[in-house]
Amino acid sequence: MSLDPSFVGRTYPPTAPYQVGREKIREFATAVGATDPAHHDPEAARALGHPDVVAPPTFPVVITMAATQQIVEDPALGVDYSRVVHGDQRFAYTRPVVAGDELVCVNTIEDITSRGGHGFLTTRTDVRTVAGEPVVAVWSKLVVRKEA
Amino acid sequence: MELPAQTYRVTRADLVRYAGASGDFNPIHWNERTATGVGLPGVIAHGMFTMALVGRAVAGWAGAPDAVVDFGVRFTRPVVVPDTDEGTEVEVSAVVKETTEEGLTRLDITATCRGEKVLSQARALIRTAG
């Protein structure tokens, strides 16, 4: 079943706030080998002008991957997740994510196309603080491979 | 201008650690049976793990952990990680493409594994010190 292009432009309700923890940033930074002290030591982060430890640039995917389940699991759209592979990924920052942020995601379906039996689903997730300050916009293109 | 290439070793242990830290527990990133069952040559790295390694290289070139303004990649080929102590290696290189009107630096990035490109359209826009 191909993806319904009429879903393009659909925006989903904001997700529940995600509390960015200092230990989560440290854990993620360690897992990707990011050893810069600003990811681990609040003093080092403050020296760069941040209120607390700074997340590495791909950290928001921890939040947005969970948030976009809203779309992927939308029964009306009908994505078969077992056939999904990651196509593209992009982050456009207003400012880095820091420990202490409380972040809300708003998901929009930006594009749906199909080619050669494969479906292509582009989502944009606007990540903002609970106060409404924009932090980062995150785009993912998922490829729903055709059934063999 | 070419920036100095960075090489990162990737083992199965790295993938397990990344799965835990990121919450992406898709078994194709740790279970050989699942990976080969869906037609992959073996366990593959999370695309987002490869992108994170590129992010490390970019931060290193920028000389700051908070320099990335815009960062995008396309995943074109999986990074296959064998079940050995050595695992595999990802090499990341880049050229400085331009300085934008806002004073930001645009990088065109290449990431390879075993001599083959694993990303395309990999680009970063960074703030540079000074």
message: Between B:E101 and B:T84, what is the label-point separation in nm under the 7 Å Cα-to-beta-carbon projection?
response: 5.2 nm
- request: Rank these for me by crowding, B:F25, B:F71, going from fewest to most other beta carbons within 10 Å.
  value: B:F25, B:F71
field: Of A:K24/A:K146; A:K146/B:K97; A:K141/B:K117, pairs whose Cα-Cα distance is over 28 Å
entry: A:K24/A:K146; A:K146/B:K97
message: Which of A:V130, A:V97, A:V53 ends up with the largest GNM mean-square fluctuation for chain A, with Cα atoms connected below 10 Å?
response: A:V130
query: For the residues A:S140, A:S114, what sequence is obtained by ranking on other C-beta atoms within 10 Å, fewest first?
result: A:S114, A:S140
- prompt: How high is the relative contact order of chain A, in percent, with contacts defined as C-alpha pairs under 8 Å that are six or more residues apart?
  reply: 30 percent
query: In degrees, nearest 10, range 0 to 90: what is the angle between the Cα axis of helix B:12-22 and the longest Cα principal axis of chain B?
result: 70 degrees
- request: About the Cα centre of segment B:2-126, how large is the charge dipole given +1 on each Lys and Arg Cβ and -1 on each Asp and Glu Cβ? Please answer in debye to the nearest 20.
  value: 280 debye
statement: The summed charge of the A:P57 Cβ neighbourhood (under 14 Å; Lys/Arg +1, Asp/Glu -1) stands at +2
- prompt: B:V90: net charge of surrounding residues, Cβ under 15 Å, Lys/Arg +1, Asp/Glu -1, itself excluded?
  reply: +1
task: Quote the relative contact order of segment B:2-126 in percent (integer), defining contacts as alpha-carbon pairs under 8 Å separated by 6+ residues.
output: 30 percent
- prompt: Mind checking the angle between helix A:22-31 and chain A's longest principal axis? C-alpha axes, 0 to 90 degrees, to the nearest 10.
  reply: 70 degrees
statement: Quick note on A:Y81, B:Y18, ordering by fewest other C-beta atoms within 10 Å, gives A:Y81, B:Y18
Computed [θ] at 222 nm, helices only, for the protein assembly as shown once each DSSP H run of length n ≥ 4 contributes -39500 (n - 2.57): -6000 deg cm²/dmol
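Laboratory data are not the source of any read-out in this text; all were calculated from the coordinates shown. Not measured: the values here are computed from a predicted model. We place every Cβ from the backbone using ideal geometry, glycine too, and count neighbours over all the protein chains shown.
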